[in-house]
Amino acid sequence: MVSFVGPDQMWAEWIGAELRRAGCIVELAEWDAAQHPDLLIALQQTRDVYRRFVCVVSAAYLKAAMPDRSGIADQVAGHSGQLSIVITGPCELPYQFWQLAPVTLPGTTDEGEARSSLLRGILSPARAAAVPSEDFRPTSRFPGRRPAIWPPRLPPRNAYFTGRAELLSK
């Protein structure tokens, strides 16, 4: 399972596509506070269904998934066999999470380097090395990269225009 919040959807889609390309079965799940009040409850509820729980972490994710960080950070970090952290934006990651060896992607502009870091951080070394890098055709656009069909003078997409589904539905 790849868990994310709205502003990180593009990263989640790219991570999911890369894991699928590596032979993993992936389900993307936008964070739902009504279903899982915090990350610890989400890990406990999904333990029997998913072998790996990948968190696409940014400041927005930590705010949604860990409203009371101090109370649950130790317990969440105890799920090291199940939990993988992929940092996609600036955030104050609880110190307990650093023992989980998070994958750090902010500022990465080289898609090949990001893919390699992601796979090495989530998969076993042998499985990560077995993923072919040649004949690669992306199935999801790397975050920050303009679509190939956009004309050169078109301004880039507004990365901050996310998370407004509730306002737009009114």
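The values are calculated or read from the model by the stated rules, or taken from the named source; none is laboratory data. In this text, all values refer to a predicted model and were calculated from it rather than measured experimentally. Every residue, glycine among them, receives a Cβ derived from its backbone with ideal geometry; neighbour counts consider all protein chains shown. Keep in mind that these areas ignore ligands, DNA and RNA; they rest on the heavy atoms of the full protein, side chains included. Shrake-Rupley method; radii C 1.70, N 1.55, O 1.52, S 1.80 Å.
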Qualifying positions in the stretch 100-116 - closer than 22 Å to R52 by Cβ and part of a loop (DSSP other than H, G, I, E, B): A101, P102, L105, P106, T108
Output for the stretch 76-95, where each listed residue is open to solvent by less than 20 Å² (accessible area, probe 1.4 Å) and not in a loop (DSSP other than H, G, I, E, B): V76, A77, L83, S84, I85, V86, I87
Inter-residue pairs, beta-carbon under 7 Å, first modelled with pLDDT under 70 and surrounded by fewer than 15 Cβ atoms within 10 Å (Cβ to Cβ) and in the stretch 138-149, second assigned to a loop (DSSP other than H, G, I, E, B) and among the basic types (K, R), 6+ apart: P147/R141
Some residue of the stretch 17-37 being buried (at least 16 other Cβ atoms within 10 Å of the Cβ), free of Cβ contacts under 8 Å to residues at least 60 places away in the same chain and assigned to a helix (DSSP H, G or I): no
Those residues of the stretch 58-70 which are modelled with pLDDT under 85 and open to solvent by 40 Å² or more (accessible area, probe 1.4 Å), in sequence order: P67, D68, R69, S70
